[in-house]
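Colleague: Just dropping this structure here.
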Ligand SMILES: NC(=O)c1ccc[n+]([C@@H]2O[C@H](COP(=O)([O-])OP(=O)(O)OC[C@H]3O[C@@H](n4cnc5c(N)ncnc54)[C@H](OP(=O)(O)O)[C@@H]3O)[C@@H](O)[C@H]2O)c1
């Protein structure tokens, strides 16, 4: 099978088109023909081993996992003898989480992983654009128990996580203020934002408006500014916080009634099933910025690394 593999940490040219052995499903596994995957912001960090901590997960000197990619949409082509939930021909989508391996034509999954039946109202390419942002945003919005009528500000509102966060916050009935660049205002409104603010203009920080929840999806919003616009008993979600931001925000929360949430999200199958229902019912739609072929993976990485994609960058793997 064709796959994109890397054997050294580094620039996008380290991603090579290779021929690998077909994976064999175990008794409890399904073999999936992947039709699409996506390049996410996290993939860039893994490829570059930046931050250094990536090396503790993938390999200290060289990567021990060679095929990256964590989201997919595809068709079940074989099932192990003990598989109960899926059958050959099922169209499924989801996340391989920290097992990676979706930059490839085929991959085996345990039937209990973070996978679900793909809703029929989206294509494989559209379905692959959803799990990364939706699983992340849903994890954090559930963690803060978002409820109807709350005011949420989403910073970095037009990336993969931000575009999902706008739609999910609206689904839960919150009043959404989206912060993004001026060029992306229409996109944010089209996803359901009630108000859109340009992050390059500073004036809005000085307004008297206060929020129940401030969700910084991209780790670009200074803590002092978040505190300024957060209600005294509000919650900040620091979805992309680095160690320094985690430490500083934790310390400052000890001295105030503000709550802070950060950390690695957890994937599971019921979350993917719920996301499938939201797509089917029209509450969540894919946002695709660009689409590349598997052979163009290094080009896709170059684009995502610029840090300004709108929603998602999808990789078509074919039939
Ligand atoms: N905690 C977890 O377990 C977890 C899980 C998944 C992801 N994450 C993290 O979540 C983060 C967001 O991921 P993503 O895929 O959504 O990122 P992304 O798609 O690459 O984000 C791009 C967006 O960020 C905006 N942006 C860039 N610079 C900005 C700035 N200075 N101020 C405000 N917005 C700015 C861009 O808007 P413009 O083009 O308009 O500038 C663009 O829409 C990543 O750091 C990722 O590692 C964490």
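FYI, it's all coordinate maths here, none of it is from the lab. Small disclaimer: the values here were computed from a predicted structure and weren't measured. Here the Cβ positions follow ideal geometry from the backbone for every residue, glycine too, while neighbour counts run over all protein chains shown.
Colleague: With the convex hull built on the Cα atoms of the chain, state its orientation-averaged projected area in nm². Mind dumping the intermediate values first?
Modeller: On the way: hull surface 63.8 nm².
Averaging across all directions leaves 16.0 nm² for the Cα convex hull.
Colleague: Let me ask something else about it. Say each of residue 55 and residue 28 gets a label point 7 Å from the Cα, pointing the same way as Cα to Cβ; how far apart are those two points in nm?
Modeller: So the label points at residue 55 and residue 28 sit 3.4 nm apart.
Colleague: Here's something else I'd like to know. Taking the alpha carbon gyration tensor of the stretch 133-261, what are the square roots of 5 times its eigenvalues, largest first, to the nearest whole Å? Each step should come with its number before you reach the end.
Modeller: Numbers: eigenvalues 85, 51, 40 Å².
Result for the stretch 133-261: semi-axes of 21, 16, 14 Å.
Colleague: Which of the peptides 67-77, 22-32 is most tightly packed, and how do the rest follow, going by the mean number of other Cβ atoms within 10 Å of each residue? Write down the numbers at each step before the final one.
Modeller: Working: 67-77: 24.5, 22-32: 17.8.
By packing density, highest mean first, the sequence is 67-77, 22-32.
Colleague: So if we plug the beta-carbon distance of residue 14 and residue 182 into 1/(1 + (r/R0)^6) with R0 = 41 Å, what FRET efficiency do we get, rounded to 0.05?
Modeller: Values: r = 35 Å, r/R0 = 0.86.
Efficiency at R0 = 41 Å is approximately 0.70.
Colleague: While we're here: Would you please state which residues of the stretch 100-121 a label at residue 21 would reach in this model, taking the label point 7 Å out along Cα→Cβ and a backbone N cut-off of under 16 Å?
Modeller: Label zone hits: 106-108.
Colleague: A further question follows. Most mobile of 96, 224, 249 per a Gaussian network model of the chain (Cα springs, under 10 Å)?
Modeller: Top of the fluctuation ranking is 224.
Colleague: Rounded to the nearest 0.05, what FRET efficiency do residue 45 and residue 247 give with R0 = 25 Å and r taken as the Cβ-Cβ distance? Could you check?
Modeller: On the way: r = 20 Å, r/R0 = 0.79.
The formula returns an efficiency of 0.80 here.
Colleague: Relative contact order of the chain, please, whole-number percent, based on alpha carbon pairs below 8 angstrom and at least 6 residues apart.
Modeller: Working: 729 pairs, mean separation 65.1, N = 319.
Dividing the mean separation by the residue count of the chain yields 20 percent.
Colleague: Okay, moving on. What nm distance separates the two modelled labels at residue 293 and residue 207, each placed 7 Å from Cα along Cα→Cβ?
Modeller: 4.7
Colleague: Using label points projected 7 Å from each Cα along Cα→Cβ, tell me how many nm separate residue 194 and residue 269, to one decimal.
Modeller: For residue 194 paired with residue 269, the spin-label model returns 3.8 nm.
Colleague: Can you work out the FRET efficiency for the pair residue 233 and residue 112, with r the C-beta to C-beta distance and R0 = 30 Å, to the nearest 0.05? Write down the numbers at each step before the final one.
Modeller: Working: r = 39 Å, r/R0 = 1.28.
Efficiency, rounded to the nearest 0.05: 0.20.
Colleague: Mind checking the log10 I(q)/I(0) for the stretch 204-263 at q = 0.18, 0.21 Å⁻¹? Debye, one equal scatterer per Cα, no solvent, two decimals.
Modeller: The Cα Debye sum returns log10 ratios of -0.54, -0.74.
Colleague: Something else about it: Grab the Cα-Cα distance for residue 219 and residue 171, subtract it from 0.36 nm times how many residues apart they are, and report the gain in nm with one decimal. Kindly include the intermediate steps, with their values, before the conclusion.
Modeller: On the way: separation 48, 0.36 × 48 = 17.28 nm, distance 2.41 nm.
Separation in residues times 0.36 nm, less the Cα-Cα distance, equals 14.9 nm.
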